[in-house]
Every structure is written in structure tokens, then in C-alpha cells.
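J.: The structure under discussion is supplied below as C-alpha cells; questions concerning it will follow.
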There are 4 protein chains.
Amino acid sequence: MKTVGIAGGTGYGALELLRLIQNHRHLKVVALFSHRQTEMAIYEEYPHLTGINNLQLEMLHEEAVKDLDVLIFATPKGVAKEWVHKLRRDDLQIIDLSGDLRLSAEEYRTWYKEEPASDRILGEAVYGLPEWNRDLVMESRLISNPGCFPTASLLALLPLKELLRDTSDSTIIIDGKTGVSGAGRSSTPLTHFSNTNENFQPYKTGGHQHLPEIERYASAMTDKEVKIQFTTHLVPMTRGLMCTVYVPVNKEIGAADIRHAFASAYQNEPFVRLLPDGMMPTTKGVYGSNYCDIGLYYNENTGWLTICSAIDNLVKGASGQALQNLNAMNGWNETEGLLGHPLFP
Amino acid sequence: MKTVGIAGGTGYGALELLRLIQNHRHLKVVALFSHRQTEMAIYEEYPHLTGINNLQLEMLHEEAVKDLDVLIFATPKGVAKEWVHKLRRDDLQIIDLSGDLRLSAEEYRTWYKEEPASDRILGEAVYGLPEWNRDLVMESRLISNPGCFPTASLLALLPLKELLRDTSDSTIIIDGKTGVSGAGRSSTPLTHFSNTNENFQPYKTGGHQHLPEIERYASAMTDKEVKIQFTTHLVPMTRGLMCTVYVPVNKEIGAADIRHAFASAYQNEPFVRLLPDGMMPTTKGVYGSNYCDIGLYYNENTGWLTICSAIDNLVKGASGQALQNLNAMNGWNETEGLLGHPLFP
Amino acid sequence: MKTVGIAGGTGYGALELLRLIQNHRHLKVVALFSHRQTEMAIYEEYPHLTGINNLQLEMLHEEAVKDLDVLIFATPKGVAKEWVHKLRRDDLQIIDLSGDLRLSAEEYRTWYKEEPASDRILGEAVYGLPEWNRDLVMESRLISNPGCFPTASLLALLPLKELLRDTSDSTIIIDGKTGVSGAGRSSTPLTHFSNTNENFQPYKTGGHQHLPEIERYASAMTDKEVKIQFTTHLVPMTRGLMCTVYVPVNKEIGAADIRHAFASAYQNEPFVRLLPDGMMPTTKGVYGSNYCDIGLYYNENTGWLTICSAIDNLVKGASGQALQNLNAMNGWNETEGLLGHPLFP
Amino acid sequence: MKTVGIAGGTGYGALELLRLIQNHRHLKVVALFSHRQTEMAIYEEYPHLTGINNLQLEMLHEEAVKDLDVLIFATPKGVAKEWVHKLRRDDLQIIDLSGDLRLSAEEYRTWYKEEPASDRILGEAVYGLPEWNRDLVMESRLISNPGCFPTASLLALLPLKELLRDTSDSTIIIDGKTGVSGAGRSSTPLTHFSNTNENFQPYKTGGHQHLPEIERYASAMTDKEVKIQFTTHLVPMTRGLMCTVYVPVNKEIGAADIRHAFASAYQNEPFVRLLPDGMMPTTKGVYGSNYCDIGLYYNENTGWLTICSAIDNLVKGASGQALQNLNAMNGWNETEGLLGHPLFP
């Protein structure tokens, strides 16, 4: 058994890690760190864990981490970048779920309005999207876990390398929708039930920090300078995220080529499910699971391809993907602890 | 007082007409027609009307219509086209909320899989989007009321006539989202609460009958052959519809030109509210009302404009717009009966 | 036109007053007071009022009130009791929507943990439930508007005066359920969407401040010392409130007597709708309206009567009832401004 | 590995069995029976099972069952009673999730309006509430799995044997609330999203078939003739069930006695969690899990005890309890396959 500590112990990311790791044969969560709450047990903060988990919340500090095999930051932006360089050891695997290590130093300053982590840390961190760069993940001790919108978007774009229309005009449109848990646990007017229920609302238009992350890695994947028009919307539901991605494809490409590209890319991937022609994913179809479901619609009349990509924002969009990365880093079966059925209905 | 009859008397469209017309100074609903239910009063079908409305449901027939001033078809496709030519009179104003009179004969056959209305009827019917063609509406006795997605989409596109990028490649992307009431009143697996709640799902991808309607009138508005990539999604809420519209604009156009075009187009429109820079509409902001709220975001980096357009699908997307048309046709104030506040929260 | 000022101008109660009074022929809202926000217009706080209402929020003070005909406190507890004695005038009608004036001084201290209003103010305030004490309301200049649970509960109990079982053991059970807007506008863990959605949860068990209010007025109505076992639950919806009330009835009473008592009590009431045998109300059946719908089920086997009583917590449970009281106080038709249909679906 | 067949293979009960048994070390589902759908795989009916489960749906018949170790009826009423006597074998364990075997022959005729199973079958069937009659369950080959409301209600009442007030007048009040999945998978006006969302509605008042089931077993548990006043309500959520149970207790009993009775009854039960004083359960606290959470509030002023009892209607209220029974019948750890965390948020 490897021992795991989780920073951000009272957040939703930590909750999902506890739920998923409970079924894991090689991992055990032994520490929960929080700066908000200490001197209380996690079940006091989350009564649904009564009788299940008695871990005490404690402050993160170097001593507390020294016997851990794994440390996961399920923290808001700004925490991991302060701690990673202090806590790293050769025999400590670190995964950061926040955006701290995903961008270049310059992009981070622009979009997160804070000083970034050191260049050395940024250089070492591997972007943990196993479907793209599994080999690097397996070698890494420091993983930058992708954001929720980037995960759904990049899995929609990864197979398109050869198919993207190649004109100076070409822009990819990503219309993203997320459940309210994506906005985190803090109580704000935006997350107030009476405001959010029976409401569909764009938020952070033009300013979402996932935009540079998607552009950066989509460009890396396709060897082109990809430009994205990105909108995010809040859906009156707790979990679930969908990106409807619109891509102009090269004129000579047909529907069969597109399907073939996706089928090839994902035929051996345990968590990406390419749906048959005429079928689109739903967020409920992946509820509570680590799947990313993808559906395709190519419109010959316009030459645009519509890709719908659905994940559970808290699982494949955060904690499940972290566990998938951890499995890869340790040479375990990548699905270990992650094969629970989607919860339906 | 002019007398109104409503066909499709047990549907949601009729309900909204009853609610809105109740406040109208010149109209009174005196007949409700239904082929599903007769021999019962509307309040037996809809208990919330207990003590409010005792109208009996009756079969639609020529005799029943002969004393009416106004007849509104709030029926599924296929009903109006059978009845309009039989019932029309010089002194009868007819409004059809269904899709029967919105397309060319050929398009109707393709998308609705039925024989269309006669050419004469199709030729006489005026598409009732007053913000675009108020003058024609005012002259008309036969109105084809726009669909819900077309209303939100076309109001987003109307001011763009001069701004649309003019290349052979250019396609407009419309990402539509609607509450479940848009799927009508019939009980189907799609509208089942346990399937729809906590779910976000595309539907009818590539096959939505509102696509040709949007292309047809967007082309008419802009004098260009507009191509649309259109996706519709079901949101776990009852009311509300948003179209996120992505438009490639001409290179020489700037954000100020765009805002000016929208401001000019809508400065005197009572029901279109152009939101200030940095603000996007929400569906709850128009809940139960006839407003269409519009927000703009121009991305200089990509050259694409994002327009969010929100309506209540049952009001501005159906019954409210019908009433607005009726007001225009009769020379009344166009806002008569339509100034109720959005219901919030 | 009488002029109205509203204290608590950014709360849900004020919003509903604005919505309802808009349709009122004799009232006009001319001032909105807030201690949280000033120097901004109401539509900046609530964008759905853009283009509809431009009133500036201002601080409440004596000067600002001096030309008003009506002042409504739609404030949290503790505000009205500080201001009423300072602002009252012979020609100012005051309605308090908070709990400040509903209890005896002693009860207020126990349940609200604050010093009550003066005995004089408490003595003058009339509990504004017109179905019970219309005559007093009509004479009053100072109305204490009932709470939401008390309104639904007392309207369920009012006709029972003669029917209540008369034993020392007899207790009435009130099982209350409310939408989340009942918890007000502040953003708290309880009102967070991710916590409240897909959740049904009791709250304030045994400690809800509406319990003494119900016991006090139920006792006054029935001339008995009524004891209540009261539970309140939060329903994952925004609006709507239902009390399921369980009453042990006297042995000699039958179902027909019970129905007769309710029918007699409410036959001339414009806002209480007694549903026929076998039918129970729903909260959606009164959505956005001032109705209170009541259904009855008498179980001969147990001798207990079940009464379901449904209101919109923000209308008949707050602002609508305030307007109904105001209509009564001014000798206007009690339904003025209050006849909008319930919004369905 | 024991092999399991499930009748009612396309219903929600079967879905939950598939989800739970996937994690079970001794069970494997090998057959899904359906009379509605055959010639298709379960993942075609439920796309969320794509890539997870390829079982073909087949007709139930004697041959198909002959090699099974376990047969579970997750069928509507009326199916199990027709099949059990044909299919039973000494080495076949049968569990019926429907109401077919829960009542006496006479009660079944009254409440289910059909002919009951034979006296012999009814006599052999053991009511599978392990917290009450574990010993009988362990000996049985034919289990009648409790209904969802009865499970929550009976677990609330079981510890009260000695505490119930002992007067001719005494009635227990059970105010039940369930998510919409409790109404099953068929698409009806009641389960239509637009009707159910933002709505709280009683249903089947006085006529719910779970009433006689609760009265029968509550009486058996307490050796008294227990009378129940029972109301069921539909909550706008998919999963979750709460019973708020009101019990008049003997005068000499105090809060400490009550707590002691519950603590004693459940101290060794793995799935019943007694919450501390001042805390009430929520349905989300047991979401997707087999827990039943119980909270207590004793009101000295009225002498009534309020018990809130929360379960997931599809787990402890149906499929989870079936698996718990199956574990007990086979001498396995009763928690096998059932320790997944509640899904939160």
C-alpha cells in the first residue's frame, strides 16, 4: 500500500479522491490537509462520511508530508506553487489539480494574475493527459493535472491533427457547459440555488483561465497555432461537463476519414468511448465515472465538424484523472479504482 | 374587445396565451379547441386554472370559428396547414405558432416529411418577427410565428448585415440550449425527469427543423447565403432558451462598430435589451417575459464575435411573440399585455 | 396613486412587490431603501430589471419617508422594530414582512434572541391574515404580515375550530416544506446549489421561529391551547411551500362535516381554493400567484385528517399577502394587482 | 462465483443491481430478462453501459433459469407471483423486489387489485429487512424485499417497541417524500420534467400500497396494532427518500431513553447510522449508497418524537437491500459490494 496525503482536504476534489481511492488496491489516504479547518474530522465537515472516514484535518507542513508516498494538491490556484518546491523528494509523487503548473510563466502571470512557480518546477511538471502523453506521465514524479474544460476539449481535438483546416482564418469554437460543482465549494451569488436553478448563464466570457491552457496544448498536439473562441456556461445541475467543439476541416476530408481518425486514436483507451454514428453523449452517461464520451457530426454542407465531448468534471475532469495518472506513474493497471459504473439514473 | 380562439387548447402555447391575454385590454379568449380532449373544462386538465378559467374544450370546426376575430394555432406541425385554407376569412386574423408556414414548400417536405400547405397560403403568410419586418406584419392577416431557436438566433444576427465576413468559407455557428418545455407536453423518455434532471444532452444533432428556418431568414435579412452549423441541447430546466452565436466578422470591423450596429438596430425596440459591455444575458433574466436579452463579446485575436441571446421559449419564443404580432396587426401598442416583469428568483 | 417605499430593497420580498405593484392601479413604488447597497440602481443589482426599473437604492431615513403613503419593511428580523416607532405617522400605512411584530414580547425574546419592539407597537400591530381577521386589517395602519409557514398552516387550520379533537393528548403535526428562496438571498452552505440540488433536508428542527407564531394564532383562532409538532424541510426548488398538516378530529365528526367547514370558511375568499375530493394541491399550481390551494383527506381508520396547503412562499407567503392587506386597508378590491395566473409550466 | 439472473432487466432496479454487483467478489450477473425488449443488448437501451456490459436482453423462461444460482425479480407488481412457483428450486435463491410477496393474500387483493400468489409461496417468503429479522433471512431461499417507504419507515420504528404511547387514540404519522425515480421508468404526466421540476406534490394520498405493508410489519415488530396516517410526496430530484415519522411516546419516557433505544438497536448495524443530537439526515448524505441515516428530535412540550429517516430509494430502498439480503443468505459479509461512498456533491 502506498500512502496518500491530500491538500485541500475539505474541497470537492478531495472528496472524490477519497471516494475513488477507497476502491483502490494499492493506495490508502492517510492524511488530509486544510488551511481552513483543522481540529476537526472530515466527517464533521461532510456528514455523509460519518462512520466511513475519521481522518482529522491538519495543517500542511513539511514534517507531515515526510512519510507520504503521494501528495495530491486539490487546492485552489496559488497553493501548489508555494509548496511544491519545499516538499518535493525523489520518492514523493506529486499531482497538482490546480492550474498552477499548466501554463508558461508568462501566461500564468497574464491569466492568474500572480507570480508563477519557478521555471524549474514548471519545466519538470508533466501535463497529465495520458491519452496524449502517457509515456511522459509514466516517467514523471510531478504531474500537472489538466483542467476540466481542457480535458473535454483536448480529447475532442487530439485525433484531429491531420484534419484541421489549414487557413489563416481558421478558428476552433468551443462552447463549454459545466455543472455548478465546477465553480467550487464557496458560497457565492453565482452558486446560490435560487439564482442558478432554472437558469442557464454564460460566465467569465472571454476571460476563462482554461482558454490559454486549451490553446497551449491543442497547439502542441497538432503542431499548429490553434486559436480558440471559447465560451463557458453554467448549467443548473451539480455534476457534468460538455464541450461542443466546432472544427473547420480540410475540404478533401470526409466523414469516414474523421471517424477513422477518432477510432484509431481511442481504440485502446479504456476511458474514452467513441459513440456510434448518429449518437451524441450526455453528461449523465458519465456521471460519477472516469469516462469521456465523444460523439461526432460532420456537416458536408458547411464543412464543419461538431464534436460533443462529455465528462464528469469532478472525475475525468479532476480527481479521476489524477488517479489515472497515478496508476500510470506506478505501472499499475490504469483503470485500477476507476471502473465504477456511471450512476444512472 | 376582440374575441380569440386557440387551437391546441391543452398545450403549453395555449396556456401562455391565456396567461398573457388575461392582462390585455382589447382581447379576450372565448374558445379553446382540442382534438385530444373535449367534454371537459380547461381547469380539469390544468388544475392551476381552477377558479380562473372555466372554458370548455371543444373540437375545432368551421362553425365554431365563424364569430371569432382571431384564431391562433398553438398546435403541433401538420394542423394549421390543414385548417387555414378552410377557415380563413377577411375579418379573421390568424397566427400559426407551428412550423407549418415558415418554410418553402420544398424545404417543408424535406424537413417535416409531410406535404406542405398550398403555395397560395405559403405566399400570403408573413413571418412574424416584428423587429425585422414590422411593416409586413402590420398589413397581414396571416402570420407565421417564428420558432423559438430562430427567434433567438435571428435577433442575434439581424444587426450584422454589414459585418458578416464575406468569404466562401464563412459559416455561422449556433449553439442552442433550451429548457425541457421546448420539447412539448408529451411524456417521452427524453422528457422523463429521471433522465433529464442532472443531465445536459444534445438532441436532433444535424436534424433540427429549425435549421432551415434560420438559414432561410438569416439569408433574407443579410442578402447573403448564410450557412449555419447548428446544435441544440436540452438543459435541465423547464423554461428558457439561449443561443450562443459565433460569427466571423470582417477584418476591418472593430468592437465599436459591432456595438453600434446592435445599438442602432434595437434602440427603439421594446423587447430587445442590449446588455452593456462585459455583461451576458441569463435565461432567468427573461423568465416568463417577452424580452430577448443580448450580450456581445468580440475577440480580436480570432476575429470572431460571440453573441448570447436569451429568451423564454414559451413567451418571446412562442406565445408572447404571437401577442406582439397581434398587437402590431391591430395597431395597438406593441407592448400591450406583455410588460410583466421577468419572474425572479 | 399612493406612493410606496420599500425597505430591504435588494431582497426577494422587494422584488416581488415591484413585480406585483407594477400591475396595480392605485399604487406606485417610488423609493427603495437598502443598508447594503446605495449609490446604485436596482437594475444594476438585478439585471432582469434592466429597462424596467431605474430606481436608485438609498439609505432609509426619516426625511426620505415623509412624503410616502405606504412603507413596507421587506427586511430581515430586527430592522422594523428599530424604525417603526420613529417613522410612524397618522397618514402612513406600514406593513412589516419580517417577524418583528408577530409575537408577544416574551416569545420574541425567546425565539429571536433580541429585544422586542415596544409594547405599544406590538399592541397596535394587526396580524394581517385577511381570511381570519379582515375587519381588523381594514382598520389598521400597522400590519404585521404573517410568515410563510404560518400562512399555509393557519389557512389549513382556520376552518377547524369546532372539529379539533378535544383531549389533553391532542397535538397537531405540521410537516412543512419550502423552496430555497425561503432561506433568503444570502449565499450560505445551505443555499449552495451543489449542496441543495438533488437533496431533501430538514432544517432548524425544533427551533424554527415560525413555531410560536403558528401556536399563538392557531390558539387564538380556535380558542384552545394548540400544541404543534413542527418540522421544516428544504426542497430542491426555488419557490413554493407546502404544509402537510395532520389533525386529530373529534370522533363524531365525519368527512362531510370537515368538507363543509372548509367550504363555508372559504366560499367567498378570492385567494383560497378548496380542491375537490381526491385532489391535492401542488406548489406549481400556485407558482407566482397569491393563491393558497387546499386539499383534504380524512382517514376514518385513524380518525386523523390530512390537510395539504400550498402557497408561493414569496407571494401569499410574503409580498402578495402584503399587497392583499394593503388593498383591504384602503378599501380597494382585495384582488387588485393580484390576479396574475400561476406560471405553468 | 455465483451466477445471477435479473428479471425486469431494463428497469432502474436492474441497473442498480448491475452497478453494485460489479464490485462483488462472489456474484456475477449473467442474464438479464425482459418482456419489453429482447434482441438487443442492455447498452443499447442504456448507453451509459457502452463498453461496460454487453449482456443481451432475453425472455424469461424456465430453461434460461435452470443454471442460475440467484434470480432477482426487479419487476413491476404481478410478475413475480406468476413465476416464482414455476421456477423455484432447492438450489435457487430468489429475491423479489416488487410488492407481490409482502402482504397477506387479503391485503394484496385489496391494495394491488389482483389475485395474490399462493398461500404456500406467501408463507415461505421472508420479509428481507435484516436489521429486524436477520436470522430468518439467513435461512431463507425466497426473500420478499421491502418497499422503499417501508424500509425507511420501519427502520425509524424498529427501536420504539417499548416506547410507543399506549392509548386507543394513538396513531403514527408518516410523512414520506421521494425522488422521481421512485415512480419508475415509464414516461407519464407525473414524471414529465416540466410538470415535476420546481414542483412539490403529494400523490396517491390515502391509497399508497406501502401503507398496509408498513402497518403489517410495524405491528409485527411492536406487538401492537399500529395505525398509520401516511402521505407520500414527490420531490423534484431523481434519487433519495425521506420519511419524517411522528410518534407519540409514553409520558414517562425521556429523550435519553429514546436515544438509548436507537443506539442499542443499531450499534452493530453496518448500514444504519444514528446521527448525533441536533443533527438530521439529508437524502444527499446517502446518495448512491446503502445507508439509512436517522435523526431524532423529541419535543417535551408535546410528547411527540420526530424521526427523520433517509435512504436512497434505489439502493437501501431496493437493490442494495436485495444485495444485503443475498449476502446474509450466503453467509458472506453483509457489506460485500455495498461500501461505496455516498456520492457527494
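The values are calculated or read from the model by the stated rules, or taken from the named source; none is laboratory data. In this text the structure is predicted, and so the values were computed from the model without any measurement. Please note: Cβ atoms are built from the backbone with ideal geometry, for glycine as well, and neighbour counts cover all protein chains shown.
J.: Does the range D:9-23 contain any residue that is among the small types (Gly, Ala, Ser), under 20 Å from residue D:340 (Cα atoms) and touching a residue at least 24 places away in the same chain (Cβ under 8 Å)? Break it down into steps so the answer makes sense when it comes.
T.: Pass one, the range D:9-23, residues among the small types (Gly, Ala, Ser): D:9, D:11, D:13-14.
Narrowing further to those that are under 20 Å from residue D:340 (Cα atoms): D:13-14.
Filter once more, keeping what is touching a residue at least 24 places away in the same chain (Cβ under 8 Å): D:13-14.
Among the residues of the range D:9-23, at least one is among the small types (Gly, Ala, Ser), under 20 Å from residue D:340 (Cα atoms) and touching a residue at least 24 places away in the same chain (Cβ under 8 Å), which makes the answer yes.
Listed here are the residues, each with its yes/no results for (1) within 14 Å of chain B (Cβ to nearest Cβ); (2) touching a Phe, Trp or Tyr at 6+ places or on another chain (Cβ under 7 Å).
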| site | (1), (2) |
| --- | --- |
| C:16 | yes, no |
| C:22 | yes, no |
| C:45 | yes, no |
| C:53 | yes, yes |
| C:68 | no, no |
| C:71 | no, no |
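J.: Being in a loop (DSSP other than H, G, I, E, B) and within 14 Å of chain D (Cβ to nearest Cβ) is the filter here, so list the residues in the range C:254-277 that pass it.
T.: C:275, C:276, C:277 - these are the residues of the range C:254-277 that are in a loop (DSSP other than H, G, I, E, B) and within 14 Å of chain D (Cβ to nearest Cβ).
J.: Counting just the residues of the range A:24-46 that are farther than 24 Å from residue D:338 by Cα and of a type in the set (Ser, Thr, Tyr), which one comes out modelled with the highest pLDDT?
T.: The first filter runs over the range A:24-46 and keeps only residues farther than 24 Å from residue D:338 by Cα, leaving A:31-40.
In the following step, the residues that additionally are of a type in the set (Ser, Thr, Tyr) were identified as A:34, A:38.
Details: A:34: 95, A:38: 80.
Here the answer is A:34.
J.: Additional query: Would you point out the residue of the range B:251-268, among those that are buried (at least 17 other Cβ atoms within 10 Å of the Cβ) and touching a strand residue (DSSP E or B) at 6+ places or on another chain (Cβ under 9 Å), that is modelled with the lowest pLDDT?
T.: Residue satisfying both the conditions and the ranking: B:253.
J.: Identify the single condition in (1) at pLDDT below 95; (2) out of contact with any Lys or Arg (no Cβ under 6 Å at 6 or more places or on another chain) that residue C:222 does not satisfy, given that it satisfies every other one.
T.: So the condition that residue C:222 fails would be (2).
J.: Further question: What is the residue count in the range A:152-200 for residues that are within 30 Å of residue A:9 (Cβ to Cβ) and assigned to a loop (DSSP other than H, G, I, E, B)?
T.: Restricting attention to the range A:152-200, the residues satisfying the condition of being within 30 Å of residue A:9 (Cβ to Cβ) are A:152-155, A:176-197.
Okay, now just the ones that are also assigned to a loop (DSSP other than H, G, I, E, B), so A:179, A:184-191, A:197.
Result for the range A:152-200: 10.
J.: Further, regarding this structure: Would you check which residues across the range D:27-70 are surrounded by fewer than 21 Cβ atoms within 10 Å (Cβ to Cβ) and among the small types (Gly, Ala, Ser) and list them?
T.: Answer for the range D:27-70, where residues must be surrounded by fewer than 21 Cβ atoms within 10 Å (Cβ to Cβ) and among the small types (Gly, Ala, Ser): D:31, D:41, D:51, D:64.
J.: While we're looking at this one, here's another question. Taking the residues in the range A:34-44 that are more than 13 Å from residue A:6 (Cβ to Cβ) and outside any loop (DSSP other than H, G, I, E, B) as candidates, determine which candidate is nearest to the chain's Cα centre (by Cα).
T.: The residue in question is A:43.
J.: Out of the residues in the range A:305-333 that are in a strand (DSSP E or B) and among the β-branched types (Val, Ile, Thr), which is nearest to the other protein chains (Cβ to nearest Cβ)? Show your work before the answer.
T.: Of all residues in the range A:305-333, those in a strand (DSSP E or B) come to A:305-311.
From what is left, the residues that are among the β-branched types (Val, Ile, Thr) are A:306-307, A:311.
Details: A:306: 6, A:307: 10, A:311: 11 Å.
Looking at the filtered set, the residue picked out is A:306.
J.: So which residues in the range A:201-229 are away from every other protein chain (no Cβ under 13 Å), surrounded by fewer than 17 Cβ atoms within 10 Å (Cβ to Cβ) and not in a helix (DSSP H, G or I), if there are any at all?
T.: Within the range A:201-229, A:223, A:224 qualify.
J.: Output the number of the condition that residue B:148 fails; it satisfies all remaining conditions of (1) on the phi < 0 side of the Ramachandran plot; (2) out of contact with any Gly (no Cβ under 6 Å at 6 or more places or on another chain); (3) not aromatic (Phe, Trp, Tyr).
T.: Failing condition for residue B:148: (2).
J.: Specify the residue that is farthest from the other protein chains (Cβ to nearest Cβ); the eligible residues are those in the range D:278-295 that are among the β-branched types (Val, Ile, Thr) and more than 17 Å from residue A:287 (Cβ to Cβ).
T.: D:294
J.: Which of the residues spanning the range B:230-253 are in a strand (DSSP E or B) and more than 11 Å from every other protein chain (Cβ to nearest Cβ)?
T.: Once the filter is applied, which keeps residues that are in a strand (DSSP E or B) and more than 11 Å from every other protein chain (Cβ to nearest Cβ), the range B:230-253 yields only B:249.
J.: Looking for whichever is assigned to a helix (DSSP H, G or I) and of a type in the set (A, V, I, L, M) here; the options are A:64, A:31. Which one fits?
T.: Answer to the selection: A:64.
J.: Do we find a residue being touching an Asp or Glu at 6+ places or on another chain (Cβ under 9 Å), in a loop (DSSP other than H, G, I, E, B) and β-branched (Val, Ile, Thr) anywhere in the range C:135-147?
T.: Taking the range C:135-147 first, the residues touching an Asp or Glu at 6+ places or on another chain (Cβ under 9 Å) are C:140-147.
With the extra rule that they be in a loop (DSSP other than H, G, I, E, B), the set shrinks to C:140-141, C:145-147.
Imposing the further condition that a residue be β-branched (Val, Ile, Thr) reduces the set to none.
So far as the range C:135-147 goes, no, none of its residues is touching an Asp or Glu at 6+ places or on another chain (Cβ under 9 Å), in a loop (DSSP other than H, G, I, E, B) and β-branched (Val, Ile, Thr).
J.: Would you mention how many residues in the range C:282-304 are under 18 Å from residue C:174 (Cβ atoms), in contact (Cβ under 8 Å) with a residue 60 or more places away in the chain and outside any loop (DSSP other than H, G, I, E, B)?
T.: 2
J.: Would the range C:151-163 turn up any residue that is more than 30 Å from residue D:235 (Cα to Cα) and at pLDDT 95 or above?
T.: no
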